[in-house]
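The values are calculated or read from the model by the stated rules, or taken from the named source; none is laboratory data. Just so you know, these numbers come straight off a predicted model, no measurement behind them. Note: ideal-geometry Cβ built from the backbone for every residue, glycine included; neighbour counts use all protein chains shown. The protein model used for the area step is the full one, side chains on, heavy atoms only, and it has no ligands, DNA or RNA in it. Shrake-Rupley method; radii C 1.70, N 1.55, O 1.52, S 1.80 Å.
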Amino acid sequence: INLDIKEAGCLTFVGQFFNNFMPTAIGGDVIKAYYASTATKKKLEAFTSVVMDRILGAVVLVWLAMAVLIVRYNQIPSKIIIVITITMFFFMTALMILIFNKKIARNFRFIRKLLKKINIEEKMRRLYTAANKYRHHKILIFHALWLSLVAQLIYFFAAYLLAASIHSR
């Protein structure tokens, strides 16, 4: 979908606003997808853009966690945290490969059979096709990953400042 930076920024703030008081953390995403679809008249593409935004954000968060794990491995108090971080790193990396590489995704036909049994194969195929189109927009993906990294670092720094302000470091 084509939105200028002002429209995208407004949708982001609307989504953040609704995320703060709706029952789940994805409530704002639903509102954001709705407004994007009404602005562009493209429901699937608007929904896919919000899903991709969430996936790319999760990828950055997991990659950051992996970087911290590598740097501070000896200071991690629980081995379960290490296992979960490594598992999530490989899962998110594999998910990115599957989204952007149809040849590899074709090897997972058992997933299509499962989706067919629960009657959502066609919807998921359309969602996958829409998400896979992002592979042609490498600069856009790079910018989204970069912005997500900056946002995550700002969140971490804000949490650090809050902890420091109450002498909780």
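When the chain is fully extended, how far beyond the present Cα-Cα distance does I120 get from D4, taking 0.36 nm per residue of separation?
Working: separation 116, 0.36 × 116 = 41.76 nm, distance 3.25 nm.
38.5 nm is the gain from fully extending I120 to D4.
What percent does the relative contact order of segment 1-146 come to when contacts are Cα pairs within less than 8 Å and at least six residues apart? Provide the component values of the computation, followed by the final result.
Working: 100 pairs, mean separation 27.5, N = 146.
The value is 19 percent.
Treat each spin label as a single point 7 Å out from the Cα along the C-beta direction, and report the K103 to S78 distance in nm.
4.1
Where the accessible area of the chain is counted over protein heavy atoms with a 1.4 Å probe, how much of it, in %, is carbon and sulfur?
Accessible surface attributable to carbon and sulfur in the chain totals 69 percent.
By how many degrees, 0 to 90 and rounded to 10, does the Cα axis of helix 79-100 deviate from the longest principal axis of the chain?
It works out to around 30 degrees.
Could you let me know the centre-to-centre spacing of segment 18-57 and segment 101-169, using Cα atoms, in angstrom?
For segment 18-57 versus segment 101-169, the Cα centre distance is 13 Å.
From the helices alone, meaning DSSP H stretches of at least four residues, give me the mean residue ellipticity at 222 nm for the chain, per-run term -39500 (n - 2.57), in deg cm²/dmol to the nearest 500. Intermediate results must be reported in sequence, preceding the final value.
Working: 8 runs with 133 residues, N = 169.
Calculated from helices alone, the mean residue ellipticity at 222 nm is -26500 deg cm²/dmol.
Quickly rank 29-41, 130-142 as a protection proxy: mean count of other C-beta atoms within 10 Å, highest first.
Numbers: 29-41: 17.4, 130-142: 13.0.
Highest to lowest by the protection proxy: 29-41, 130-142.
Note the angle between two axes, namely the Cα long axis of helix 43-71 and the longest principal axis of the Cα atoms of the chain, as a number of degrees from 0 to 90, rounded to the nearest 10.
The angle comes out near 30 degrees.
Please work out which option in [x] 120; [y] 166; [z] 137 gives volume of the Cα convex hull per residue in Å³ calculated from these coordinates, and answer with its label.
[y]
Rounded to the nearest 0.05, what FRET efficiency is calculated for F21 and Q152 with R0 set to 25 Å and r the Cβ-Cβ distance?
On the way: r = 23 Å, r/R0 = 0.90.
Efficiency at R0 = 25 Å is approximately 0.65.
List the lysines whose Cα sits under 21 Å from the Cα of K41, skipping any in the same chain fewer than 8 residues away.
Correct list for K41: K6, K32, K123, K133.
Return one whole number: the accessible area per residue of segment 31-117 in Å², for a 1.4 Å probe.
Values: 6020 Å² over 87 residues.
Here the per-residue accessible area is 69 Å².
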